[in-house]
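Remarks on the structure that follows.
Bear in mind these aren't lab numbers, they're just calculated from the coordinates by the rules spelled out. Note that the coordinates shown come from a computational prediction; the quantities given were computed from them, not determined experimentally. Glycine gets a Cβ as well: all are built from the backbone with ideal geometry, and neighbour counts include every protein chain shown.
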Amino acid sequence: METIRICKDRNVLREYLSQREKEVVSIMMSLFDEEQIMKLFIRIERHDADRETAERLIKKGKMTFEDIAF
């Protein structure tokens, strides 16, 4: 809803959004439902943590870049 409000405020697709706001909200909710967002967030967090661990091991000399498969 906030994205739609911002678009309207900035005159981006204002007329279209005014006419089809419910439809747009429905589509957005199906594309970005909470469960999918949470799964993506967790996946990104794990990737970032793995990357940080790999970088730390490389800096300490405990592993080489070739030893770590991304």
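Just a few scattered comments:
- Between the beta carbons of residue 67 and residue 41, assuming R0 = 35 Å, the FRET efficiency works out to 0.75 to the nearest 0.05.
- Extension reserve of the residue 1-residue 48 stretch, reckoned as 0.36 nm per residue once the Cα distance is removed: 14.0 nm
- 222 nm mean residue ellipticity, helices alone, for the chain (DSSP H n ≥ 4; -39,500 (n - 2.57); rounded to 500): -25500 deg cm²/dmol
- Given charges at beta-carbon only (K, R positive; D, E negative), |dipole| of the chain in Debye: 200 debye
- Rounded to the nearest 10 degrees, the angle from helix 34-60 to the longest Cα principal axis of the chain is 30 degrees.
- For residue 8, a cut-off of 17 angstrom between C-alpha atoms picks up these aspartates and glutamates, skipping any fewer than 8 places away in its own chain: 21, 23.
- Ranking 11, 25, 57 by how far each Cα lies toward the positive end of the dipole of the stretch 4-70 (charges on Cβ) leaves 11 at the top.
- Residue 13 sits among other residues whose Cβ lies under 13 Å from its own Cβ, and their net charge, with Lys and Arg +1 and Asp and Glu -1, is +1.
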